[in-house]
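Report on the structure given below.
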Amino acid sequence: MKETGGQRNIDGYTRVCGLIGNPVEHTMSPAIHNTLTAALGENLVYVPFRVPEGRVREAVEGAYALNLLGVNVTVPYKSQVIPFLKEIDPLAERIGAVNTLVRTEGGFRGYNTDMPGLYRAMCRDGIRIEDGQVLILGAGGAARAVAMLLAEKGARRVVILNRTADKAEGLAEEVNRGAGRELARGLALEEHEKLPRGEAYLAIQATNVGMFPGVQDAVIEDAEFYRKIHTGYDLIFNPARTRFMSLVEENGGRAFNGLKMLLYQGIIAYELWTGARVGPELSEVAYVRMKRAMGI
Ligand code: NAP
């Protein structure tokens, strides 16, 4: 597809991909996908669609009927879309959430690219999960997916810390059942004091705490906790530097935000839709565009 003065030439061959969610107005996905499309010369456009509550089935069936090539799914529909898919990828099934639909014969196949996205982001940042000791803060949807990733990639030990201890314990049991070994353990947040001194952890922050507008908050404040963290990975990307990240750095660790995870979940979805392989250089171009669209 040619670009003329920033204007796309939409024609009868133009393929459409999109995002369904509610709300969708603040999404950064168009900046990612439309950058990739322009750079790779694909005849494709990416459009957000706000879907009202209770109309997910119509949205999925309608997208298929309208010949959409692929669809991203965001809050609150990542689990709700599952009954309306033709097939589901085993990883997405284990996680229980789908964020990418890929067109196949007779219906969409659902994938979860959030976790492979986080993994690719971590690899690019030089962070190793394999054989590591990892803390997860939170036991919600994102934490659950992180826990599955850690099990799959061979973490040595996982501790899940959550405000609601039952949810941390339940998630740990589920991870252990899936992994077939005593990999994970769940604790209440305040039980972080039980973590032995002198141990060094990768900590993945998967709660909502610290997200805009509550930017002054971190889920744990105690400096003693942060001294046990060699690397802190916050899944939050707004703000780009969270209080959790500041606390990690103030106590001698390295800290990262969730922007690259956001980027790579989009890139992996794009690769699934088009069969293209997006290399590091183009990923960097899309990263810069995405940050510009966010005003950072
Ligand atoms: P979720 O399912 O609603 O889970 C929220 C988690 O935060 C729960 O563990 C909850 O604890 C905890 N929490 C909420 N408020 C708290 C408070 N005041 N004090 C202590 N804990 C609190 O949400 P989610 O979908 O997992 O999303 C979590 C985060 O991940 C969000 O910030 C989201 O932006 C981020 N995320 C980023 C990406 C990316 O691409 N970078 C992708 C997905 C998600 P309880 O169980 O006790 O309620």
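The values are calculated or read from the model by the stated rules, or taken from the named source; none is laboratory data. No experiment lies behind these values; they were computed from the predicted model shown. Heads up, the Cβs are rebuilt from the backbone with ideal geometry, glycines too, and the neighbour counts pull from every protein chain shown.
Going by what's in this entry, would Glu224 be described as surrounded by fewer than 21 Cβ atoms within 10 Å (Cβ to Cβ), within 15 Å of the ligand (Cβ to nearest atom) and part of a helix (DSSP H, G or I)? It is false that Glu224 is surrounded by fewer than 21 Cβ atoms within 10 Å (Cβ to Cβ), within 15 Å of the ligand (Cβ to nearest atom) and part of a helix (DSSP H, G or I).
One residue stands out in the stretch 168-184 among those that are away from the ligand (no atom under 16 Å from the Cβ) and outside any helix (DSSP H, G or I): the one that is farthest from Tyr226 (Cα to Cα), namely Gly180.
Please work out if Asp234 is among the charged types (D, E, K, R) and buried (at least 24 other Cβ atoms within 10 Å of the Cβ). Yes.
Let me confirm something: among Gly178, Gly210, which residue is among the small types (Gly, Ala, Ser) and buried (at least 17 other Cβ atoms within 10 Å of the Cβ)? Steps first, answer last, please.
Details: Gly178 fails: buried (at least 17 other Cβ atoms within 10 Å of the Cβ).
Among Gly178, Gly210, only Gly210 is among the small types (Gly, Ala, Ser) and buried (at least 17 other Cβ atoms within 10 Å of the Cβ).
Here Gly232 meets the list (1) more than 10 Å from the ligand (Cβ to nearest atom); (2) part of a loop (DSSP other than H, G, I, E, B); (3) at pLDDT 95 or above; (4) of a type outside the set (A, V, I, L, M) almost entirely, failing just condition (2). If we scan the stretch 188-201, do we find a residue that is within 19 Å of Met115 (Cβ to Cβ) and exposed (fewer than 13 other Cβ atoms within 10 Å of the Cβ)? No, there is no match, as no residue in the stretch 188-201 is within 19 Å of Met115 (Cβ to Cβ) and exposed (fewer than 13 other Cβ atoms within 10 Å of the Cβ).
Taking the criterion of being charged (D, E, K, R), more than 9 Å from the ligand (Cβ to nearest atom) and outside any helix (DSSP H, G or I), the residues of the stretch 129-167 that qualify are Glu130, Asp131, Lys153, Arg156, Arg157.
Looking at Leu66, Leu44, just one residue is exposed (fewer than 14 other Cβ atoms within 10 Å of the Cβ) and either of a type in the set (A, V, I, L, M, F, W, C) or modelled with pLDDT under 95 (or both), and that residue is Leu66. Among the numbered conditions (1) under 20 Å from the mean Cα position of the chain (by Cα); (2) closer than 17 Å to Gly110 by Cα; (3) buried (at least 18 other Cβ atoms within 10 Å of the Cβ), the only one that Val75 does not meet is (3). Restricting Ala143, Ala59, Ala139, Ala92 to residues that are surrounded by 16 or more Cβ atoms within 10 Å (Cβ to Cβ), closer than 21 Å to Leu262 by Cα, free of Cβ contacts under 8 Å to residues at least 40 places away in the same chain and touching a strand residue (DSSP E or B) at 6+ places or on another chain (Cβ under 6 Å) narrows the list to Ala92. What about Ala188, is it hydrophobic (A, V, I, L, M, F, W, C), over 24 Å from Arg227 (Cα atoms) and either within 16 Å of the ligand (Cβ to nearest atom) or touching an Asp or Glu at 6+ places or on another chain (Cβ under 9 Å) (or both)? Answer is no for this residue.
Applying the criterion of being on the phi > 0 side of the Ramachandran plot and more than 16 Å from the ligand (Cβ to nearest atom) to the residues of the stretch 95-122, the residue that is surrounded by the fewest Cβ atoms within 10 Å (Cβ to Cβ) is Gly106. Within the stretch 17-34, the set of residues being closer than 25 Å to Gly279 by Cβ, surrounded by fewer than 22 Cβ atoms within 10 Å (Cβ to Cβ) and of a type outside the set (Gly, Ala, Ser) comprises Thr27, Met28, Pro30, Asn34.
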